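Worksheet: the structure to be examined is printed underneath.
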Amino acid sequence: MIQEIFNIIVYPGLLFTVVLSLVYSGILRKLAARMQSRIGPPVWQPFLDIIKLFGKEEITPEQAKPGFGFWPFVAFASILIAALLTPVAGMVSLDSGNFIVLIYFLVFSPACLYLAGLASSNPYAVVGSIRGLVQMFSYEIIFVVSLVVPMLFVNSLEPLVINNYQLGSGWIASSFPLAAAAFLVAVLAKLELPPFHTPEAHQEIVSGYYTEYSGFRLALIEMTHIVKIFVLLSLAVAVFFGGSGDPLIFIIKTLALLILLSVIRVVLARFRIDHVLKFCWILGVIALIDLIRVLMV
C-alpha cells in the first residue's frame, strides 16, 4: 500500500512528472532560442512563470459563461490522470485502467481547454477554440491509428497490459516507421507546436482560446500544456522506441525526441487550418498502410 502511494505521488507519479515536465519545457524553449541565435530564458524559467501566475490576480470577464473557471481544472486533472497511466521508465503509477482510458484522457484534456475558450466568449478565444476543435478532428485519428499498430503487433489491445505489455522489448519504430512518423506528427499537433499552433496564433488571435485567462487558471492551462509534453514523449518512447527500465536511458531517449521536436518547431512555419486538415488526412492514409500490414501478419 505504501509503495503504491509512493508510486502515485512521488515516482513515477505526480511529483516526478510535474518537475520533469517543467524542466523539459525549459529545455524546449532554450533549444529553440539557441537555434535562432538567441540566448533565451534559463531552463528553470517555467518554474518561475508558474509560481508567478499562481500569485497573480484572477479576472473573470463580464461576458464569461458558466464553465469559464471550471474547464481549466478539468483539463489539468485529465492530463495528470493520463500521466499516471503512461509508462515512465518501465513503470506505471496506476496498475488499474486500460489503454482506451489513457487515450480518452489524452483526448479529453485539450477538448476541455477549447471549451474553456468558448466559455470566455472572447472573439479571439472563440476563433482559437474552433480552430483547436477542427484540428483535433484531423490529428486524433492519426494518433489513435498509429498507436493501434504496435498494440496489435504485440497482441495487447486488451486492458492496458502496459505493465506486462512489453512495449520496451523492441524498437517497433524500425518495423513500422510510417506509424511512428505519423505518431510524432500527431504529438506535434497535440502539443500545438509549430507548424500546428493555429489555435493560439499570436500574430492573428492574440493568445487564442486562453486570451481572457489570468492568474491561477492561466497557470493551470500552462501546466496542462507542459505536463502533456512529458506524457506524450514518455508514451512515444514506451510504444515505438524500445522503452527502458533504466531511468537514465529513458530520459536520454525522451530528450532525443525533445530535440527533434525543437528542430521541427524552429524550421517550419505555421500551417493554415485548411492545410492542417489536408496534411493530417494524407498522413492518416500513410499510417493506415502500417495498420494494414500488421493486420495481414
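The values are calculated or read from the model by the stated rules, or taken from the named source; none is laboratory data. Just so it is clear, the model here is predicted, and its values are computed rather than measured. Don't worry about glycine lacking a Cβ; one is built from the backbone with ideal geometry, like all the others, and counts go over all protein chains shown.
Observations on the structure shown:
- Condition broken by Gly67, with the remaining ones in (1) in contact (Cβ under 8 Å) with a residue 60 or more places away in the chain; (2) within 22 Å of Val126 (Cβ to Cβ) satisfied: (1)
- Residue match in segment 85-101 (condition: assigned to a helix (DSSP H, G or I), modelled with pLDDT of 85 or more and either closer than 16 Å to Ile226 by Cβ or touching a His at 6+ places or on another chain (Cβ under 7 Å) (or both)): no
- Restricting Leu193, Leu184 to those that are in a loop (DSSP other than H, G, I, E, B) and of a type in the set (A, V, I, L, M) reduces the list to Leu193.
- The numbered conditions (1) touching a helix residue (DSSP H, G or I) at 6+ places or on another chain (Cβ under 6 Å); (2) touching a residue at least 60 places away in the same chain (Cβ under 8 Å); (3) surrounded by fewer than 24 Cβ atoms within 10 Å (Cβ to Cβ) are all true for Lys253 except (2).
- Residue in segment 68-79 that is within 22 Å of Ile252 (Cβ to Cβ), aliphatic (A, V, I, L, M) and modelled with pLDDT of 90 or more present: no
- Qualifying position, being in contact (Cβ under 8 Å) with a residue 12 or more places away in the chain, closer than 21 Å to Glu192 by Cα, among the hydroxyl-bearing types (Ser, Thr, Tyr) and buried (at least 21 other Cβ atoms within 10 Å of the Cβ), among Tyr124, Tyr114: Tyr114
- Matching helices (runs of 4 or more DSSP H) fully within segment 200-297 where at least 3 residues are out of contact with any Lys or Arg (no Cβ under 9 Å at 6 or more places or on another chain): 215-240, 247-267, 273-296
- Hey, Ile79 in contact (Cβ under 8 Å) with a residue 60 or more places away in the chain and more than 18 Å from the chain's Cα centre (by Cα) or not: no
- Subset of segment 32-54 [free of Cβ contacts under 8 Å to residues at least 24 places away in the same chain, of a type outside the set (Val, Ile, Thr) and either within 21 Å of Ile221 (Cα to Cα) or not in a helix (DSSP H, G or I) (or both)]: Ser37, Arg38, Gly40, Pro41, Pro42, Trp44, Gln45, Leu48, Lys52
- Evaluation of Val161 against (1) over 20 Å from the mean Cα position of the chain (by Cα); (2) among the β-branched types (Val, Ile, Thr); (3) at pLDDT 85 or above (one fails), failing number: (3)
- Yes/no for Lys52 being crowded, with 17+ Cβ neighbours inside 10 Å and of a type outside the set (Asp, Glu): no
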